[in-house]
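Undergrad: I'd like to ask some things about the structure below.
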4 protein chains.
Amino acid sequence: MSLNTFGHLFRMTTWGESHGPALGCTVDGCPPGVALSEADLQPWLDLRKPGTSKFTTQRREADAVKILSGVFEGKTTGTSIQLMIENTDQRSKDYGDIAKAFRPGHADIAYHLKYGHRDYRGGGRSSARETAARVAAGGVARQVLAALVPDLKITGYMVQMGVKHIDRSRFDAGQIRENPFFCPDAVAAGEWADYLDELRLAHNSVGAVIEVVAEQVPAGLGAPLYGKLDSDLASAMMSINAVKAVEIGEGMASAALTGVENADEMRMGPDGVEFLSNHAGGILGGISTGQPVVCRFAVKPTSSILTPRQAVNAAGEEIDLITKGRHDPCVGIRAVPVGEAMMALVLLDHLLLDRAQTGGVRGRIG
Amino acid sequence: MSLNTFGHLFRMTTWGESHGPALGCTVDGCPPGVALSEADLQPWLDLRKPGTSKFTTQRREADAVKILSGVFEGKTTGTSIQLMIENTDQRSKDYGDIAKAFRPGHADIAYHLKYGHRDYRGGGRSSARETAARVAAGGVARQVLAALVPDLKITGYMVQMGVKHIDRSRFDAGQIRENPFFCPDAVAAGEWADYLDELRLAHNSVGAVIEVVAEQVPAGLGAPLYGKLDSDLASAMMSINAVKAVEIGEGMASAALTGVENADEMRMGPDGVEFLSNHAGGILGGISTGQPVVCRFAVKPTSSILTPRQAVNAAGEEIDLITKGRHDPCVGIRAVPVGEAMMALVLLDHLLLDRAQTGGVRGRIG
Amino acid sequence: MSLNTFGHLFRMTTWGESHGPALGCTVDGCPPGVALSEADLQPWLDLRKPGTSKFTTQRREADAVKILSGVFEGKTTGTSIQLMIENTDQRSKDYGDIAKAFRPGHADIAYHLKYGHRDYRGGGRSSARETAARVAAGGVARQVLAALVPDLKITGYMVQMGVKHIDRSRFDAGQIRENPFFCPDAVAAGEWADYLDELRLAHNSVGAVIEVVAEQVPAGLGAPLYGKLDSDLASAMMSINAVKAVEIGEGMASAALTGVENADEMRMGPDGVEFLSNHAGGILGGISTGQPVVCRFAVKPTSSILTPRQAVNAAGEEIDLITKGRHDPCVGIRAVPVGEAMMALVLLDHLLLDRAQTGGVRGRIG
Amino acid sequence: MSLNTFGHLFRMTTWGESHGPALGCTVDGCPPGVALSEADLQPWLDLRKPGTSKFTTQRREADAVKILSGVFEGKTTGTSIQLMIENTDQRSKDYGDIAKAFRPGHADIAYHLKYGHRDYRGGGRSSARETAARVAAGGVARQVLAALVPDLKITGYMVQMGVKHIDRSRFDAGQIRENPFFCPDAVAAGEWADYLDELRLAHNSVGAVIEVVAEQVPAGLGAPLYGKLDSDLASAMMSINAVKAVEIGEGMASAALTGVENADEMRMGPDGVEFLSNHAGGILGGISTGQPVVCRFAVKPTSSILTPRQAVNAAGEEIDLITKGRHDPCVGIRAVPVGEAMMALVLLDHLLLDRAQTGGVRGRIG
């Protein structure tokens, strides 16, 4: 779907700018009768909200979500759900300097060229603040998924910050919420803190890689050929601010494998087919197989930095630009809950699409 | 858009199976009055067609495209264009063995689980033969692009086969059509021939990385936030058979960069803004900037190989599976013209979307 | 959905011109495992095909439909179904006279203005021949409906030809296929034969009103607010060639009713709620209630007539135009099976949409 | 488009219930740089708002619209525009009686059957209060149309209330805003006042017919075959609460015409082709011809009346139902500005669609 709407059947339409009065989204296509309250959504927003550590922007936003429609007496009605988050800590004067200047690596110039007229304050519509709406919609998707597929579990975490990777042998899901980086490796998390401090104090920023895994995904989700589960995930993750690459399963590394290596061999287990590996990342032919769905995406470094960079402005003058304001030194950190939200949205959308076409009936094996 | 339709305004809807009587697509939303004949499309299909070297499947298909509607007296009418390619060299008996067995790493099992009932012959709908329809539709898009943006140029090539990369210092676009691999590095192409021969004779296959570059793309294409140019490219490329990752510009490598490194600095040149680098791959905030649009994707190795692999069948029996039939040892090779076609489709779609919203007017600099 | 695609989830994309080599459609979103063959579709096409009486065009077309994809071993696979009908009796020379002239009341001038370039032969894309593709797609929808809602029954018939109406007290569904007008009133059918003969010989044509009723429609179909069952029916019927009005239930007459009269009162019957009348035409708030869905549409008289009319041509010259060629004196007749097909498409589409959102669970009464 | 979104390119997504905290819509696809403020929208909302005469509901709502996004420094930015209207005069206790009862002729029972759970207060989502959002979005469309096609003019009015019609010989556009009925015939307006008073005091309600005419519509708007201008208008108008029929041009009456009568003959005038009549209502083959676009729709009588009617409730009990609360005795009155808004939305949507496909270039005559 185009423009500001995401999803085929379960859809969100987002609106709002970084420094406008509010932002939000309309969630459409939600099944009726699902328990939903603001308290169900707020925890997800709290994971993404700014100002929770020195490693994120110091803008202070409660990111309190309000449900304005589509829920009655604590349950969804099946009609469109409006979610609104008021902006409370805009400090637009920070942006006077860049009203007419284009930050290198930032959407500024692209919006200027396309639209002619833009809200430059805090990046306006191109700000990652928009992702608060995604997280809110993702929260609705999670409530519905919890009702329809109780075992399904979505986990996002950072596996690389700049040049520093986690050590997969130390992977501990219990660590993810214990450090400011959603890092599943406690040792790496400690190193990253020093690393990011150093970069931050040097007026620099850095990129990251996020991995999102969905377990207990029913087989059969995905609509070949242009609503494949993986192509929809690619679109979903690439639409997140600053994302430059998306991988499924082996991802780029699959290019270096042979067919013998890449084959996810199968045996029969007590509960049906068991795969001996998961190079495919849980998706074959665009359809989920029942294995964990594994998706990674790369987030480029924040383009708003205090180090001067060569730039131009709308008057066509060459300038050296320093970006003041309050910015994340590693915008990848707060992309973790956003990636989880997009995974939830895509999976629910395809669960409903599949229910429409097949009634959820699965082909038999054995 | 869902299922078998791709695109927002300029759309193709594809149909057909590997061993059915024919396959094709409907192209909708095409501007009227554009010169179009079968001869305009056939060269692109010839680039993708099988059997052109020992490095592709030995199935012999002329892949002759017929225009059944939407063109009158040599020009498009603005109505839906039907493109049909007849299958002529089906050899379905090759597939008797796998009618009820699931090749590891192949869509077989996923289609079985989702649909219960499938055309197993040659992979049926999941076959890469479907991409012939994309190349045909991409040919239509190229004709329209040539009329609307004459300088725009799309070039695809292979930059990695298995563990072997090209040497960018030897990059020569003139070489791309001079070897069976669409390889821009003549030395690498020679090495790849030996490498792939070896793998092929060892009953193995291998993955690849394709890069597609579009030059002279107008600034301003892309519809934030869920029809971003990069998210649509990601969806487009990920929808190609066997693709497991998509990168824009620096791609995964952007995670390891700092903000200082990643900034594409700008100066004023004789024709306006000039960027000093292109880490962004020509897209900022989901919108083209006028720089070359750079997209890469990884293709996994062909899953149909003659080396036995552990598998299961529909009866729930464990088997050792060898896949006979005629298969590409490196399916990435023929993905090159497909990637180009998808780039053409996405760019034209966004050119029309932008024309609708902005009338093609651009913000001024200077 | 826009342009040449109809439907939200169960979609058809049609293509082809009156005098091109073939026409057809792609049916997408079809559930898998449904029995389907050309023999299932042909009877519906035979109802619509030309040349079956002196009251329809004398063009001779077998309208033989071929299934080119999406069906394997007699059952749908869930992938896109391509249906093709070859044109065999084009007589394009009939149209030389009107290549550059615009028939009053015909799409000629509108296509000319919009597209500049058009296939004028037999009306090209604007020809009612396109409806053959709809009837074929409607046949697929009927097969699926028969599998999912066996009792559902769709019946179309003509209730008015020109100034002559049926007498509802003589309504006999058994008569519908017993006369060339799909007329449920045998007496009226006899009168219409004389009436139409007279008009035909006077080189004139006439309009009609078609009614399509669907019985045993499950309650709960329809997606407020912009995919209401009635708004989708209105769009569906208005898209048929020459249709100028669509009514649901009381239709235009509801304007003259009071609230007391219009209330469809309810009592409890042995099988649940019973309505004492059906002014609503089975739809309230855009959602089916379980009552028969009643839709009517008006078809204007054929614009291609042998009586000279004042017209202009592309050169801007004033002319008196007589339209030769083979035309239906009452194009409404053959619109009956088309209206049925559109009803089937809309109902199935909403059945699948509803299944996606609610799982088909209904609110309880009692 | 499905569910709560209307439009192909210029789209509105509406949300909100009659007695919730607020309602509104997101307008997407708006061209950038168009002057827009709340003051531009409010006059349209004031035309529709309740409580302006004794002939509409006595609920008092200011219907003050707020723009929450998509506009910066008084001009649209091309990003999604959020329009919000707070509800201030809910009196939900009025609805306690019908929480579990189904009003005859009302959406109550349909929503109950489909969704199981619904907001019954004031009709919840099925309330005509939703149309305030349409009028707001229509106001945005008008601003854009005024910028792109300054001469285009949309006029809606009531031509029939119950059994009473206007006299077309007394048609005076200047009267439309001079009476509480949007009636262009001052004599009829006077009669209607007495007529409706009588019905209202008799605890009854009545239907109406609305006509909406758009003048100076550019030729060439409409996307055959499933985004025809008339089929989109039909869908648009039929989606308005209580509408049961839609007519274009001659509408239902075209069935009674002969081809000779129905032909809109053409001559050349000083500014090009002139039509001698407009039976077609400005649309041929689904495409505008440049003549006035004429659309009519019938609104059924309000179903909420004080006269007892036989009904049932959720417990399956038979009841006699009187609907208290504040209701319009002729809901058709306030449908006039809604019909105008839908016309504006459809025309702008097709203007943008046409600009995308053809660039707005028209075929030449002469």
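The values are calculated or read from the model by the stated rules, or taken from the named source; none is laboratory data. Note that this is a predicted model, so its numbers are computed, not measured. For neighbour counting, all protein chains shown are included, and Cβ atoms are generated from backbone atoms with ideal geometry for every residue, glycine included. Surface accessibility is based on the protein's heavy atoms, side chains included, excluding ligands, DNA and RNA. Shrake-Rupley method; radii C 1.70, N 1.55, O 1.52, S 1.80 Å.
Undergrad: Within region A:236-270, take every residue that is open to solvent by 10 Å² or more (accessible area, probe 1.4 Å) and among the β-branched types (Val, Ile, Thr) and give me the one that is farthest from A:Val209 (Cα to Cα).
TA: A:Val260
Undergrad: Name the single residue, out of those in region A:239-266 being part of a loop (DSSP other than H, G, I, E, B) and within 7 Å of chain B (Cβ to nearest Cβ), that is nearest to A:Ala132 (Cα to Cα).
TA: Once the filter is applied, the top-ranked residue is A:Ser239.
Undergrad: Right, here's the next one. May I ask you to verify whether A:Val273 is of a type in the set (A, V, I, L, M), facing chain B (nearest Cβ under 7 Å), over 29 Å from A:Gly96 (Cβ atoms) and open to solvent by 20 Å² or more (accessible area, probe 1.4 Å)?
TA: So A:Val273 fits the description; yes.
Undergrad: Exactly one condition in (1) among the hydrophobic types (A, V, I, L, M, F, W, C); (2) closer than 24 Å to A:Ala256 by Cα; (3) at the interface with another protein chain (Cβ under 8 Å from one of its Cβ atoms); (4) in a loop (DSSP other than H, G, I, E, B) is false for B:Ala280; which is it?
TA: With respect to (1) among the hydrophobic types (A, V, I, L, M, F, W, C); (2) closer than 24 Å to A:Ala256 by Cα; (3) at the interface with another protein chain (Cβ under 8 Å from one of its Cβ atoms); (4) in a loop (DSSP other than H, G, I, E, B), B:Ala280 is out only on (2).
Undergrad: Cβ-Cβ below 9 Å, separation at least six or inter-chain, first residue in region B:284-311 and more than 30 Å from A:Leu276 (Cα to Cα), second assigned to a loop (DSSP other than H, G, I, E, B) and of a type in the set (Val, Ile, Thr): which pairs?
TA: Going by the 9 Å Cβ cut-off, the qualifying pairs are B:Ser288/B:Val217; B:Thr289/B:Val217; B:Gly290/B:Val217; B:Gln291/B:Val217; B:Pro292/B:Val217; B:Val293/B:Val217.
Undergrad: Part of a helix (DSSP H, G or I) and over 18 Å from D:Ala344 (Cβ atoms): is that true of D:Lys93 in this structure? Explain how you work it out, then say what you get.
TA: Details: part of a helix (DSSP H, G or I): yes; over 18 Å from D:Ala344 (Cβ atoms): yes.
So D:Lys93 fits the description; yes.
Undergrad: Among the residues of region B:86-98, are any within 14 Å of chain A (Cβ to nearest Cβ) and either under 30 Å from B:Ala314 (Cα atoms) or modelled with pLDDT of 90 or more (or both)?
TA: yes
Undergrad: I'm trying to understand the selection: among the residues of region C:14-38, which are of a type in the set (Ser, Thr, Tyr) and either touching a His at 6+ places or on another chain (Cβ under 7 Å) or at the interface with chain B (Cβ under 9 Å from one of its Cβ atoms) (or both)?
TA: C:Thr14, C:Thr26
Undergrad: For region B:312-366, which residues satisfy the criterion of being on the phi > 0 side of the Ramachandran plot and facing chain A (nearest Cβ under 9 Å)?
TA: B:Gly316, B:Gly366
Undergrad: Please pick out the residue among D:Leu45, D:Leu41 that is closer than 13 Å to D:Glu130 by Cα and away from chain A (no Cβ under 11 Å).
TA: Answer to the check: D:Leu45.
Undergrad: Separate question: Being more than 7 Å from every other protein chain (Cβ to nearest Cβ), in contact with an Asp or Glu (Cβ under 7 Å, 6 or more places away or on another chain) and buried (at least 24 other Cβ atoms within 10 Å of the Cβ) narrows it down to one of B:Leu233, B:Leu225, B:Leu229, B:Leu221, so name that one.
TA: Only one candidate qualifies: B:Leu221.
Undergrad: Restricting attention to region D:312-328, report how many residues are open to solvent by less than 10 Å² (accessible area, probe 1.4 Å) and under 30 Å from D:Glu178 (Cβ atoms).
TA: Looking only at that region, the number is 0.
Undergrad: For D:Gly259, all conditions in the list (1) at pLDDT 95 or above; (2) within 28 Å of the chain's Cα centre (by Cα) hold save one; what is the number of the exception?
TA: (2)
Undergrad: On to the next question. Could you please find all residues in region B:101-118 being open to solvent by 10 Å² or more (accessible area, probe 1.4 Å) and more than 7 Å from chain A (Cβ to nearest Cβ)?
TA: The answer is B:His117, B:Arg118.
Undergrad: Here's another thing I want to ask about it. Could you check region B:132-164 and list, in sequence order, the residues that are out of contact with any Phe, Trp or Tyr (no Cβ under 7 Å at 6 or more places or on another chain), over 11 Å from B:Trp44 (Cβ atoms) and touching a residue at least 40 places away in the same chain (Cβ under 8 Å)?
TA: If we filter region B:132-164 for residues that are out of contact with any Phe, Trp or Tyr (no Cβ under 7 Å at 6 or more places or on another chain), which is where we start, we get B:132-134, B:136-137, B:140, B:142-155, B:159-160, B:163.
If we keep only those that are over 11 Å from B:Trp44 (Cβ atoms) as well, we get B:133, B:144-153, B:155, B:159-160, B:163.
Those that are out of contact with any Phe, Trp or Tyr (no Cβ under 7 Å at 6 or more places or on another chain), over 11 Å from B:Trp44 (Cβ atoms) and touching a residue at least 40 places away in the same chain (Cβ under 8 Å): B:Ala133, B:Val144, B:Leu145, B:Ala147, B:Leu148, B:Val149, B:Asp151, B:Leu152, B:Lys153, B:Thr155, B:Val159, B:Gln160.
Undergrad: Quick one: in region A:61-83, which of the residues that are of a type in the set (D, E, K, R) and more than 14 Å from chain D (Cβ to nearest Cβ) is surrounded by the fewest Cβ atoms within 10 Å (Cβ to Cβ)?
TA: A:Glu61
Undergrad: Could you check region B:295-311 and list, in sequence order, the residues that are open to solvent by 20 Å² or more (accessible area, probe 1.4 Å), more than 7 Å from chain A (Cβ to nearest Cβ) and within 21 Å of the chain's Cα centre (by Cα)?
TA: Within region B:295-311, just B:Arg296 meets the criteria.
Undergrad: Checking the structure you have, find out if any residue of region A:286-294 is surrounded by fewer than 24 Cβ atoms within 10 Å (Cβ to Cβ) and not in a loop (DSSP other than H, G, I, E, B).
TA: Yes, region A:286-294 contains at least one residue that is surrounded by fewer than 24 Cβ atoms within 10 Å (Cβ to Cβ) and not in a loop (DSSP other than H, G, I, E, B).
Undergrad: Considering (1) within 18 Å of the chain's Cα centre (by Cα); (2) in a strand (DSSP E or B); (3) over 17 Å from B:Val299 (Cα atoms); (4) among the hydrophobic types (A, V, I, L, M, F, W, C), say which one A:Cys183 fails and leave the rest.
TA: (2)
Residue by residue, here is whether (1) modelled with pLDDT under 95; (2) of a type in the set (S, T, N, Q); (3) open to solvent by less than 10 Å² (accessible area, probe 1.4 Å); (4) more than 30 Å from C:His112 (Cβ to Cβ) holds:
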residue	(1), (2), (3), (4)
B:Thr14	no, yes, yes, yes
B:Thr26	no, yes, yes, no
B:Pro32	no, no, no, no
B:Lys49	yes, no, no, yes
B:Thr56	yes, yes, yes, yes
B:Arg59	yes, no, no, yes
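Undergrad: Then there is this: Considering every residue within region A:129-151, establish whether at least one is within 14 Å of chain B (Cβ to nearest Cβ) and open to solvent by 10 Å² or more (accessible area, probe 1.4 Å).
TA: Among the residues of region A:129-151, at least one is within 14 Å of chain B (Cβ to nearest Cβ) and open to solvent by 10 Å² or more (accessible area, probe 1.4 Å), which makes the answer yes.
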